[in-house]
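K.L.:
Would you mind keeping the following structure in view while I ask a few things?
Nothing in this text is a laboratory measurement; each read-out follows from the coordinates by a stated rule. From a predicted model like this one, the values you see are computed outputs, not experimental measurements. Cβ: placed from backbone, ideal geometry, glycine included. Neighbour counts: every protein chain shown.
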Amino acid sequence: NAVMAAQMTDAHRRFLQVLMSNGITEGSEARKLHQHCCETDKVYYAQDKLDDFISTINSHLQPLFMQIRKGLSEDDGTAHYAVVNLAETEVTKMASDYTEIELELFRKTMDLIIVSENGFASSTDILNLADQLKTKKMKKKEAEQVLKGFVEDKWLSEKNGEYTLHTRCIIEMEQYILSNYQDVARKCNICHSLAIQSQVCESCGIGMHLPCVRKYFRGQTERRCPKCNEFWSCDTP
Amino acid sequence: MSQRKRSKGLGSSQLTGGEDDFIPTQVERRSQDQVNQKVSELVQFLLVKDQKKIPIKRADMLKNIIREYRDAYSEIVKRADRTLQAVFGLQLVEIDTKRHIYILINNLPRPEGQHLCRDKEKEKMGLLLVILSFIFMKGNSVKDSALWEFLHLLRVYPGKQHSVFGDVRKLVTEEFVRQKYLETTAIPLTDPPEFKYQWGPRAEKETSKKDVLNFVAKMQSKDPTFWASQYSEAEANKATT
């Protein structure tokens with residue numbers, strides 16, 4: 001790399017510590033944190049240069065196979081930041097927080113979610129899985145508690161009794177999912193990132209994130225699939 | 001921080017001379033890349049353990065990460081520590097030199113009013129700070145009965161679920177002790193058995209008597225010198241760290 005990496009200051013370190021302990025940090029929060037850290041550690045605050053600030057940290061995280069990664073929420077397209085481990089070969093981030101059996105439930109839930117049409121798995125289906133775990137059978141009551149824990153820790157998010165992967169989970173496990181679910185995992189036709197929740201074209205089968213669909217069809221009178229040009233049948237709330 | 005004299009490592013050829021004979025290319029021939037890899041892995045390992053504030057045993061580091069690179073143990077640990085400081089503002093500190101147990105402490109300067117607050121568990125740290133203050137102001141050691149009596153005043157009861165802290169008894173007697181913020185020792189010849197509480201090694205490293213005294217002074221709108229003996233102890237303590 002011909003470019004010399006900027007120096008890490010205490011402001012960078014403080015920012016990184018907070019990001020790591022948050023798990024996932026929303027965009028506006030990250031911007032406020034950037035300012036707070038620069039002021040606290042008396043480092044020059046370059047307003048609106050959060051990405052540069054993060055690049056500096058990332059250049060030092062790179063040899064450790066770690067990275068501050070930005071991901072967009074599948075619900076509303078807002079930016080979120082998480083510190084990810086690039087060398088992960090499985091759900092090792094969660095490994096320290098959960099038991100074997102809880103991890104197995106999570107993996108099976110993730111299977112259900114990724115394979116599903118709309119990116120959601122019903123709580124009924126997940127609780128049925130609990131019965132079939134290899135490690136040890138899990139009672140429904142216990143499984144409900146474990147699911148609640150996954151939601152609290154932002155690995156899953158819940159909507160009307162159905163569960164999908166939280167933005168945090170997607171940012172942290174995108175690589176893992178894309179490589180381990182190669183044939184099943186969908187990529188958004190617009191932004192090319194992993195799409196767990198997506199709208200799918202009935203004719204050609206391509207998928208798009210909801211926020212990406214909204215952006216794509218904005219100002220267009222006719223809603224047509226970007227690939228096959230057939231009418232886009234899904235509603236966009 | 002004192003430099004610990006490091007022995008050559010458990011995997012030294014003194015143990016089983018035969019080992020090296022079978023794999024003649026190891027030991028000295030560690031490529032920089034391989035050592036770098038181990039440093040990265042150790043940094044990750046330490047970060048994960050530290051996330052739960054679990055003290056790290058040297059034996060665990062050796063078994064899980066260092067493995068066959070035992071001969072490079074010191075170098076790997078030293079570089080991991082340097083990386084942690086340079087990138088994360090964390091420092092690897094040995095809190096038990098006999099059993100070789102380590103913790104990561106926060107190296108970053110602590111701004112006013114942000115004691116011990118590295119993570120989002122602000123409320124727990126708030127309670128801890130209050131407990132540490134009580135212990136210090138009472139002469140660095142308190143009986144468990146005195147501690148609970150004090151917490152009663154704050155409407156925190158050992159038998160009752162607290163709306164924020166949950167099972168407070170567990171938090172104080174187990175979690176804070178496990179994380180090495182508090183140290184508890186049985187008082188001999190007491191029946192039923194009584195315990196005393198003191199600051200744990202993590203508290204010693206992550207905060208100071210001076211910080212704690214300033215906190216108490218602020219809460220009571222008094223000057224820290226109001227407590228003469230604690231003030232001189234705090235000043236003396238600052239001089240030695």
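K.L.:
Only counting other Cβ atoms within 10 Å, I'd like B:Ser208, B:Ser232 sorted with the fewest neighbours first.
P.N.:
B:Ser232, B:Ser208
K.L.:
Quick one: B:Asp71, A:Asp183, B:Asp144, A:Asp75, fewest Cβ neighbours within 10 Å first, how do they rank?
P.N.:
By the 10 Å Cβ count, ascending: A:Asp183, A:Asp75, B:Asp144, B:Asp71.
K.L.:
Using Cβ counts within 10 Å as a stand-in for footprinting exposure, how do A:Thr164, A:Thr56 rank, fewest first?
P.N.:
A:Thr56, A:Thr164
K.L.:
Do the sum for chain A: with -39,500 (n - 2.57) for every DSSP H run of n ≥ 4, divided by all residues, what is the mean residue ellipticity at 222 nm, to the nearest 500 deg cm²/dmol?
P.N.:
Calculated from helices alone, the mean residue ellipticity at 222 nm is -13000 deg cm²/dmol.
K.L.:
Test of understanding: what is the full-extension gain from A:Asp76 to A:Glu142, defined as 0.36 nm times their sequence separation minus their Cα-Cα distance?
P.N.:
Result for the pair: 20.6 nm of gain on full extension.
K.L.:
Which lysines, if any, have their Cα less than 18 Å from the Cα of A:Lys187, not counting same-chain residues under 8 positions apart?
P.N.:
Qualifying lysines at Cα under 18 Å: A:Lys70, A:Lys215, A:Lys227.
K.L.:
Still on this model: Which whole-Hz couplings ³J(HN,Hα) result when phi for each residue of the stretch B:60-66 is put into the Karplus expression 6.51 cos²θ - 1.76 cosθ + 1.60, θ = phi - 60°, listed in order with x for Gly and Pro?
P.N.:
3J(HN,Hα) across the stretch B:60-66, in whole Hz: 5, 4, 5, 5, 8, 10, 4.
K.L.:
Cross-link partners among aspartates and glutamates for B:Lys63, C-alpha distance below 14 Å, same-chain residues fewer than 8 apart left out?
P.N.:
B:Glu41, B:Asp71
K.L.:
Suppose a student asked you for the relative contact order of chain A, using Cα pairs under 8 Å spaced at least 6 residues apart; what percent would you report?
P.N.:
15
K.L.:
Can you list the aspartates and glutamates whose alpha carbon is less than 17 Å from that of A:Lys42, not counting same-chain residues fewer than 8 positions off?
P.N.:
A:Asp10, B:Glu112
K.L.:
Oh, and also: With a/c under 1.5 counting as rounded, go ahead and sort the stretch A:108-191 into rounded, prolate or oblate using the C-alpha gyration tensor (a ≥ b ≥ c being the square roots of the eigenvalues; past the cut-off, prolate if a/b is larger than b/c, else oblate).
P.N.:
Taking the square roots of the gyration eigenvalues as a ≥ b ≥ c, the stretch A:108-191 is prolate.
K.L.:
Relative contact order of the stretch A:10-64: what whole-number percent is it, with Cα pairs under 8 angstrom and at least 6 residues apart?
P.N.:
Once normalised by length, the contact order is 41 percent.
K.L.:
So, in nm, how far is label A:Glu39 from label A:Ser59 when the simple model puts each one 7 Å beyond its Cα toward the Cβ?
P.N.:
Computed distance between label sites A:Glu39 and A:Ser59 equals 2.7 nm.
K.L.:
Which value, in debye to the nearest 20, describes the size of the charge dipole of the protein assembly as shown about its Cα centre when Lys and Arg Cβ atoms bear +1, Asp and Glu Cβ atoms bear -1, and nothing else is charged?
P.N.:
Computed about the Cα centre, the dipole is about 1040 debye.
K.L.:
Say each of B:Asp191 and B:Lys57 gets a label point 7 Å from the Cα, pointing the same way as Cα to Cβ; how far apart are those two points in nm?
P.N.:
Placing both labels 7 Å along Cα→Cβ, they lie 3.4 nm apart.
K.L.:
Something else about it: Any idea what the alpha-carbon Rg over 2.2 N^0.38 Å comes to for the stretch B:94-241?
P.N.:
1.06
K.L.:
OK, next. Hey, in the GNM for chain A with a 10 angstrom Cα cutoff, which one of A:Leu86, A:Leu72, A:Leu194 fluctuates hardest?
P.N.:
A:Leu86
K.L.:
Something else: Taking θ = phi - 60°, what integer Hz values does the Karplus form 6.51 cos²θ - 1.76 cosθ + 1.60 yield along the stretch B:125-131, in sequence order, with x for Gly and Pro?
P.N.:
3J(HN,Hα) across the stretch B:125-131, in whole Hz: 5, x, 4, 4, 4, 4, 5.
K.L.:
Further, regarding this structure: In whole angstrom, note down how far apart the Cα centers of the stretch A:162-195 and the stretch A:79-140 are.
P.N.:
That distance is 14 Å.
K.L.:
Also, I was wondering about something else. For the pair A:Glu152 and B:Lys218, what calculated FRET efficiency results from E = 1/(1 + (r/R0)^6), where r is the Cβ-Cβ distance and R0 = 45 Å, to the nearest 0.05?
P.N.:
With R0 = 45 Å, the Cβ-Cβ based efficiency is 0.85.
K.L.:
Still on this structure: Please report the spacing between the Cα centers of the stretch B:38-97 and the stretch A:219-235 in Å, no decimals.
P.N.:
The stretch B:38-97 and the stretch A:219-235 have Cα centres separated by 54 Å.
K.L.:
Among A:Ser203, A:Gln220, A:Gln132, flag the residue with its Cα farthest along the positive direction of the charge dipole of the stretch A:84-231, charges on Cβ as +1 for Lys/Arg and -1 for Asp/Glu.
P.N.:
Looking along the dipole axis, the top candidate is A:Gln220.
K.L.:
For the stretch B:210-241, state which trypsin sites (Lys or Arg not before Pro) are in a DSSP loop and have at most 12 other beta carbons lying within 10 Å of their beta carbon.
P.N.:
Answer by residue number: B:Lys222.
K.L.:
Defining a contact as two alpha carbons under 8 Å apart and six or more residues distant in sequence, what relative contact order in percent does the stretch A:185-237 show?
P.N.:
29
K.L.:
Still on this model: Taking the stretch A:185-236, how much of its Cα-Cα pair set, in percent, is spaced more than 14 angstrom apart?
P.N.:
Here the tail beyond 14 Å accounts for 42 percent of pairs.
K.L.:
Which of the residue pairs B:Lys49/B:Lys196; B:Lys205/B:Lys238; A:Lys148/B:Lys49; A:Lys108/A:Lys139 have a Cα-Cα distance greater than 21 Å in the structure shown?
P.N.:
B:Lys49/B:Lys196; A:Lys148/B:Lys49
K.L.:
Here is a further query. Per residue of the stretch A:125-132, what does 6.51 cos²θ - 1.76 cosθ + 1.60 with θ = phi - 60° give for ³J(HN,Hα)? Whole Hz please, x for Gly and Pro, Karplus curve as stated.
P.N.:
Karplus values, whole Hz, x for Gly and Pro: 4, 5, 5, 5, 4, 4, 6, 10.
K.L.:
Using 0.36 nm per residue of separation minus the Cα-Cα distance, give me the extension gain between A:Lys215 and A:Ser96 in nm, one decimal.
P.N.:
39.0 nm
K.L.:
What FRET efficiency comes out for A:Gln67 versus A:Val115 if R0 is 35 angstrom and r is the Cβ-Cβ distance? Round to the nearest 0.05.
P.N.:
Efficiency computed from Cβ-Cβ geometry: 0.80.
K.L.:
Here's a follow-up. Taking the Cα-to-Cβ direction at B:Glu121 and at A:Tyr181 and moving 7 Å from each Cα, how far apart do the two end points lie in nm?
P.N.:
Output for this residue pair reads 3.2 nm.
K.L.:
Right, next: Mind running the shape call on chain A? Use the C-alpha gyration tensor, a ≥ b ≥ c as the square roots of the eigenvalues: rounded below 1.5 for a/c, prolate if a/b tops b/c, oblate otherwise.
P.N.:
oblate
K.L.:
D for the protein assembly as shown, whole µm²/s, Stokes-Einstein with Kirkwood Rh over alpha-carbon pairs at 37 °C and 0.692 mPa s: what number?
P.N.:
Estimated via Stokes-Einstein, D reaches 126 µm²/s.
K.L.:
Highest GNM mean-square fluctuation, chain A, Cα pairs closer than 10 Å: which of A:His166, A:His60, A:His80?
P.N.:
Maximum fluctuation in the GNM of chain A, among the listed residues, is at A:His60.
K.L.:
Can you give the charge dipole size of the stretch A:10-64 about its Cα centre, rounded to the nearest 20 debye, using +1 on the beta carbon of Lys and Arg and -1 on the beta carbon of Asp and Glu?
P.N.:
120
K.L.:
With a ≥ b ≥ c taken as the square roots of the eigenvalues of the C-alpha gyration tensor of the stretch A:10-64, please select rounded if a/c is under 1.5 and otherwise prolate if a/b is larger than b/c or oblate if it is not?
P.N.:
Rounded.
K.L.:
While we're looking at this one, here's another question. For B:Lys98 and B:Thr184, what is the calculated FRET efficiency with R₀ set at 30 Å and r taken between the beta-carbons, to the nearest 0.05?
P.N.:
Once rounded, the FRET efficiency stands at 0.95.
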